[in-house]
Amino acid sequence: MSDNISPQKPDGQNYPVQKTDEQWKEELTDFEYHVLRQAGTEPAWSGEIQKGENLTYVCRGCNADLFTSNEKFDSRCGWPSFWSPLAKAAIIELSDYSMGRLRVEVRCANCGSHLGHVFEGEGFDTPTDLRYCINAVCLKPKD
């Protein structure tokens, strides 16, 4: 069994972007590969994303539009936080029991790359009461 992200969505359909592990390793740094393709996590407060108004953040693995700066907020958790993705179809949410309790993993719906997790009911004053806690290494500003 591989520790890498499956080429299939939970419904059995292939992700639109299909690459071999060798292709992923050629295109990503070792750390990017670990987070995006092996569901790793960057240390809190270690990553940064470009800040500004009206920015769109895309998946570092496939350039799919994922989040915007309009939904970004400061949750003081150590990772970029958003209260909503750009479009619900841009991401896939999966049950994750890897830490011994249920969490909801967030993946790119275009390539399957691990992005982070989403948390609900934490009391943030946002329109959705959701916190999409995303590894900064997974995002880059749209060109």
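To the nearest 0.05, how large is the calculated FRET efficiency for GLU27 and LYS142 if R₀ is 22 Å and r is the Cβ-Cβ distance?
Calculated transfer efficiency: 0.80.
When volume of the Cα convex hull per residue in Å³ is calculated directly from the model, which label among (i) 119; (ii) 130; (iii) 140 fits?
Read-out from the structure maps to (i).
Compare the peptides 79-90, 13-24, 98-109 by average per-residue count of other Cβ atoms within 10 angstrom and give them in order, highest first.
Numbers: 79-90: 18.7, 13-24: 13.0, 98-109: 15.6.
Result, highest mean first: 79-90, 98-109, 13-24.
Mean separation of Cα pairs under 8 Å and 6+ residues apart, divided by the residue count of the chain: what relative contact order is that in percent?
RCO, the chain: 27 percent.
Just report the Cα centroid separation between region 1-40 and region 113-143, whole Å.
First find each Cα centre; the distance between them is then 20 Å.
For the chain, which cysteines have no second Cys with its Cβ under 4.7 Å from theirs?
Flagged as lacking a Cys partner: CYS77, CYS133, CYS138.
Bear in mind that the values in this text are calculations on the coordinates, not laboratory data. Being a predicted model, the structure only gives us computed values, none of them experimental. Here Cβ is always computed from backbone atoms with ideal geometry, including for glycine, and neighbour counts include all displayed protein chains.
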